[in-house]
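Report on the following structure.
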């Protein structure tokens, strides 16, 4: 029971390297997912924006696990670890509240000011990881310095990048009478998201597949968003329930949710193989990609002066240095032993098979779990595809400036990240 998880797969790629690849790919996709929130300027309720994005998330979350593993596999995984279902629902509820708070924050202080504040969730996640799961226990001083300093660098870079998009006195948050509420909403989102990673980690040290976890996760977030919208946004009179008259906008919100799911899946695998302390800061490089979308596609820095452009360059360099520091902080054997002690604790508490959980931690598939596709698997994928096709046929380009050339370039980067990280996961773990 005292053996450590092997840091190297039979295929030669270390689990640490795989986690880093997933964390960086998560940043690319999560950075693109916030663009649809610009629609708050069209006068839509933040609850309506969040609920429609969550509906897109729900559609995508059931699609990917069904495509990659099949529902038979997912339900068998859930039956084997029933105690984690409530944790997945809780995580989904926390995400829904956090996402709604971000929309309020964007409305009140703008994306530039809000994004850096809620990206401090990496520091909150690091604190929970140390307190609850003893991450970094047994790590040498050099690795601790790399992880902590890297996280602080990424958070500091996020703040610099956020302020870089504020130019001109009219853009300063302090001029808005709702600025304080917006900043509080952004910080509240950080607390919610930082805490949300606790159920993530609890699931993966118990050997649950991320694809199974997100299937239940989405039920929590959709149920929570319906409750929030019904209770706090006018009940059946909420603009969220009037979207039949705004079908041209609905596609983009669904698309935002779809993009977010891909990023979050990579983030989930990064959390599994690196832990909260390393995985979440890497995925928080989404700030860099979010800035790229804002500056290159939407022209947010077109009128920026030299000082703001210098903030962009400095923040970008700091974020890259932070990511490099964390990605090179490979866990030592002593840290693996400490992680195994946490794993043993979970196995004893819930009566789990230690060897099976240990195998799952190493990216292997324990037991004989069927991945055979059923007829309803085909129906689920077909229904989800049909929803997006139907919405796409009724979609219209939002009335905002977009540089199509940079849109294509960043689209290629996203595709490259998807193929590269997706192939690495399939090649080395078969998405386990």
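Structural remarks
- Residue 299 vs. criteria at positive phi and surrounded by fewer than 20 Cβ atoms within 10 Å (Cβ to Cβ): yes
- Some residue of region 25-33 being at pLDDT below 85, crowded, with 20+ Cβ neighbours inside 10 Å, closer than 27 Å to residue 204 by Cα and in contact with a helix residue (DSSP H, G or I) (Cβ under 8 Å, 6 or more places away or on another chain): yes
- All conditions but one from (1) part of a helix (DSSP H, G or I); (2) at pLDDT below 85 apply to residue 302; the one that does not is (1).
- Members of region 105-116 found to be crowded, with 24+ Cβ neighbours inside 10 Å and at pLDDT 75 or above, listed by number: 105
- Within the option set 283, 246, being under 22 Å from residue 414 (Cα atoms) and either in contact with a helix residue (DSSP H, G or I) (Cβ under 6 Å, 6 or more places away or on another chain) or modelled with pLDDT under 80 (or both) holds for one residue only, 283.
- Restricting attention to region 129-142 and to residues that are buried (at least 21 other Cβ atoms within 10 Å of the Cβ) and not in a loop (DSSP other than H, G, I, E, B), the residue that is nearest to the chain's Cα centre (by Cα) turns out to be 129.
- Comparison of 155, 180, 147 shows that the only residue that is at pLDDT below 85, in a helix (DSSP H, G or I) and closer than 20 Å to residue 135 by Cα is 155.
- Per the listing 109, 86, 97, 54, the residue uniquely farther than 23 Å from residue 300 by Cβ and more than 16 Å from the chain's Cα centre (by Cα) is 86.
- Residue check for residue 416: at pLDDT below 85, more than 27 Å from residue 331 (Cβ to Cβ) and part of a helix (DSSP H, G or I): no
- Some residue of region 259-279 being free of Cβ contacts under 8 Å to residues at least 24 places away in the same chain and either farther than 16 Å from residue 29 by Cα or buried (at least 24 other Cβ atoms within 10 Å of the Cβ) (or both): no
- Test: residue in region 297-317 that is under 22 Å from residue 265 (Cα atoms) and either touching a strand residue (DSSP E or B) at 6+ places or on another chain (Cβ under 7 Å) or touching a residue at least 40 places away in the same chain (Cβ under 8 Å) (or both): no
The values are calculated or read from the model by the stated rules, or taken from the named source; none is laboratory data. Values in this document were obtained by computation on a predicted structure and should not be read as measured data. Note that each Cβ is placed from the backbone with ideal geometry, even for glycine, and that neighbours are counted across all protein chains shown.
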